[in-house]
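Undergrad: Pasting a structure below so you can have a look.
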Amino acid sequence: MAHKDARSLSSEAQEDLRRRVIEAILKQGMKKAHAARTFGVSRQAINNWLAAHDRGGDAALAAKQRGRPKERTIAPKQQARIVRAIQGKCPDQLKLPFALWTREAVVELIKTHTGRKVSVWTAGRYLKDWGFTPQKPVRRAYERNPVAVQAWLDKEYPAIHRRAKAQNALILWGDEMGLRSDDTVGRTYSLRGQTPIVPATGRRFGCNMISAISNLGRLWFMVFSCRFNADVFIRFLTRLLKTADGRKIILIVDSHPAHKAAKVARWIEAKRERKTMLELCFMPGYSPELNPDELLNQDTKQAMRRQRPRDQSQMIANTRSHLRRRQKQPGVVRNFFEEEHVQYAAAAG
């Protein structure tokens, strides 16, 4: 006879089964092997029940509460204070030994506010009840100026937008990025307990890219092996102007030294004198999350992590191939502007 899985029974049914087995053995003289066959339980289970009965009598056979033990709830006012702390601060700002809000960090925060230590499971349940979900954070430099960022969102960019509409100009967002062969590898499937090994060359190499995108889904790019400087930037601007169809270009970039180089300013001024219209606008410092082109950078890095180039020429070829594919997918480029921090740029012309 197959053994029953007593865990599938209710607490009351389990208790009744234990009592009937013990009664059959102790009072009716039934052999343990016979009892195991009769009641469909294992010999080991019977031995455990007999040992428990020897230690505690009939009371040891009583049903016990199943599941996790109930923990006292946190008072609503205390919960409100904890929620405000999570929303307004990072753990290290509250002198907690964590960089990000994890369930373990919330356990310590609850202990600080209530004096009670709850389980990690309970902390997770509270986080869910409070509406928190695990998310990838946006990095922000300490040097970031919130006042300058707000001025950009409220005044400077709206003014650029109005000027672009009045001049029938094309607003582009530009950025540059470096790629390295020893960049962190992404995830891959492997048997549990066996760390996967990805073959890679021991030589280090890299390349750079500069790109510009519009919220209409257009993409321009250039991949190169040298360092990014004013000459490379001018080369890219020259390519941009050739494809502008006579429209003025307003290119929004960060304050990289190459963007603000005197050589670049003189070049733009010379173009202006020849009626070639190009205007550079600079975003507030240390605010990459406000640049839609940063999302193209992330997309490109993620794609490159899935490939392991043998040398620099293959890395450059892989990067160009990915960016050409994105050029043919304007819907993907437009979707970059749907990210929360750059939605303000989605309505630009």
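Undergrad: May I ask you to list pairs of residues, at least six apart or on different chains, whose Cβ atoms are under 7 Å apart, with the first in the stretch 264-293 being at positive phi and the second being among the charged types (D, E, K, R) and surrounded by fewer than 18 Cβ atoms within 10 Å (Cβ to Cβ)?
TA: Y286/E143; Y286/R144
Undergrad: Test E269 against the criterion of being assigned by TED's automatic domain parsing to the domain that holds M177 and assigned to a strand (DSSP E or B), and give yes or no.
TA: Judged against the criteria, E269 is not a match.
Undergrad: Continuing with this model, one more query. Can we say A303 is more than 19 Å from S211 (Cα to Cα), among the aliphatic types (A, V, I, L, M) and in the same structural domain as I171 (by TED's automatic domain parsing)?
TA: no
Undergrad: If a residue counts only when it is assigned by TED's automatic domain parsing to the domain that holds V118, under 33 Å from the mean Cα position of the chain (by Cα) and on the phi < 0 side of the Ramachandran plot, which helices (runs of 4 or more DSSP H) contained entirely in the stretch 26-107 have at least 3 such residues?
TA: Result: 76-88.
Undergrad: When you scan the stretch 19-30, do you find a residue that is polar (S, T, N, Q) and surrounded by 16 or more Cβ atoms within 10 Å (Cβ to Cβ), even just one?
TA: So far as the stretch 19-30 goes, no, none of its residues is polar (S, T, N, Q) and surrounded by 16 or more Cβ atoms within 10 Å (Cβ to Cβ).
Undergrad: Quick check on L296: is it over 25 Å from the mean Cα position of the chain (by Cα) and part of a helix (DSSP H, G or I)?
TA: For L296, the condition - over 25 Å from the mean Cα position of the chain (by Cα) and part of a helix (DSSP H, G or I) - is not met.
The values are calculated or read from the model by the stated rules, or taken from the named source; none is laboratory data. The structure displayed is predicted, hence computed values, not measured ones. Because the Cβ atoms are built from the backbone with ideal geometry, glycine has one as well, and the counts that use them run over all protein chains shown.
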